[in-house]
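Here is the structure we will look at, set down as structure tokens.
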């Protein structure tokens, strides 16, 4: 997992994303291409979290090729609204650099390191859309992921504080809200997809188990529930994120 920003900065970033109800929802050629490139990227992220160097290498090369295609097509002449973004070409180059670094790490069989390196691609693409007031379903997945990592990486530290379980309950409330938005903010095609709705329900169930453990103030159960948040999200992300 990637290194987290300080909590205050994450809250500001999350609020900025969730407060974007008036932002554009319709896709444009660049966003469509980014979404197309996002599918092999998700697979690369998933495969670098496994044990197979061969599969990780194959997935990563496909993701890199998809990104190279986007950069070739739009790198010098992006369509609106990205044509007004002075950082557009810089962001494209930054993602290419991430892929190059991750590829070298996979070649060295450093899959976990490559996985962490690839996390940056998701953030750069999200920042590109946010700068240009574009919202896609991936942004809601990213918001959930960010809050999930607060619990996974900082849960023990939060619980060790005075009134730690209460503080953790507040953080879990934010996660529960974001989990529900995975359904309400999904496009109609996904809401009608049985596999999608099943996976989203599994994500919500994982959060509900954590909420139940917190209500019982069962520290052991809380830690166990937190450890089981990632699995359901990863399955949803790999297919629909």
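The values are calculated or read from the model by the stated rules, or taken from the named source; none is laboratory data. The structure displayed is predicted, hence computed values, not measured ones. Counting neighbours? That spans all protein chains shown, and the Cβs are built from the backbone with ideal geometry, glycine included.
Here 149, 195 are screened, and the one residue that is in the same structural domain as residue 223 (by TED's automatic domain parsing) and either at pLDDT 95 or above or not in a helix (DSSP H, G or I) (or both) is 195. Scanning segment 40-57 for residues that are in a helix (DSSP H, G or I) and either buried (at least 16 other Cβ atoms within 10 Å of the Cβ) or touching a residue at least 24 places away in the same chain (Cβ under 8 Å) (or both) returns 40, 41, 42, 43, 44, 45, 46, 47, 53, 55, 56, 57. Taking segment 110-140 as the range and being outside any helix (DSSP H, G or I) and more than 20 Å from residue 79 (Cα to Cα) as the test, only 110 passes. Restricting attention to segment 77-89 and to residues that are exposed (fewer than 15 other Cβ atoms within 10 Å of the Cβ) and in contact (Cβ under 8 Å) with a residue 12 or more places away in the chain, the residue that is nearest to residue 120 (Cα to Cα) turns out to be 87.
Among the candidates 110, 133, the residue that is at positive phi and more than 16 Å from the chain's Cα centre (by Cα) is uniquely 133.
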